[in-house]
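Comments concern the structure below.
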Amino acid sequence: MEILSESAPSLSDKLRRGDVLAAACPSRAVLRHLTSQWGVLVLIVLEEGTFRFSTLRRRIDGVSERMLAQTLKALEGDGLVRRTSFDTVPPHVEYSLTELGQEAARRVKDLADWVEASLPAILSAQDRAGKRDA
């Protein structure tokens with residue numbers, strides 16, 4: 001008979017939290033949106049305020065119009081980004097973070113900050129392994 005330790009999560013805790021390690025867990029899609037290269041960068045920029053699409057594209061160097069549109073749509077679908085459309089000619093659309101998005105942005109920004117601070121050690125490890133990206 002297996003004895004559960006006090007630190008093992010109960011079934012109700014797992015159901016409430018989700019189980020990101022399970023293939024069918026819906027949290028995986030959200031995690032994929034949040035931690036994609038463009039998702040992280042969009043959240044970091046939007047943490048600074050409200051921006052139009054063209055401004056976001058200029059701020060996030062290297063993102064294509066298509067990838068930015070897909071990323072914004074995914075994050076909006078997850079309830080992290082708010083899209084506000086104004087009935088003007090030409091059309092005017094702005095993007096900002098929801099309260100949930102602000103929390104997510106703080107967390108991914110911490111990860112991005114850690115990556116940047118740790119970059120010398122990471123690059124050195126990649127050099128030693130012969131696996132440094134160009």
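The values are calculated or read from the model by the stated rules, or taken from the named source; none is laboratory data. The model shown is predicted, which means the values in this text are computed figures rather than measured ones. Quick reminder, even Gly has a Cβ in these numbers, built from the backbone with ideal geometry, and neighbours come from all protein chains shown.
List of remarks:
- Applying the criterion of being out of contact with any helix residue (DSSP H, G or I) (no Cβ under 7 Å at 6 or more places or on another chain) and surrounded by 10 or more Cβ atoms within 10 Å (Cβ to Cβ) to the residues of the range 86-98, the residue that is nearest to T55 (Cα to Cα) is E94.
- Exactly one residue out of A69, A29, A74 is assigned to a helix (DSSP H, G or I), small (G, A, S) and touching a His at 6+ places or on another chain (Cβ under 9 Å), and it is A74.
- Which numbered condition E48 fails, given (1) assigned to a loop (DSSP other than H, G, I, E, B); (2) in contact with an Asp or Glu (Cβ under 7 Å, 6 or more places away or on another chain): (2)
- Of the residues screened, R57 is one that is over 14 Å from A105 (Cβ atoms), at pLDDT 95 or above, crowded, with 16+ Cβ neighbours inside 10 Å and out of contact with any Lys or Arg (no Cβ under 8 Å at 6 or more places or on another chain).
- Residue list for the range 32-52, restricted to those being exposed (fewer than 15 other Cβ atoms within 10 Å of the Cβ) and either more than 9 Å from the chain's Cα centre (by Cα) or of a type in the set (A, V, I, L, M, F, W, C) (or both): E48, G49, T50, R52
- Single residue of the range 79-92 satisfying the filter (of a type in the set (V, I, T) and modelled with pLDDT of 95 or more) that is nearest to the chain's Cα centre (by Cα): V81
- Of all the numbered requirements in (1) among the aliphatic types (A, V, I, L, M); (2) in contact with a Leu (Cβ under 9 Å, 6 or more places away or on another chain); (3) in a helix (DSSP H, G or I), L119 misses one, and that requirement is (2).
- Here Q126, Q102, Q70 are screened, and the one residue that is surrounded by 11 or more Cβ atoms within 10 Å (Cβ to Cβ) and at pLDDT below 95 is Q126.
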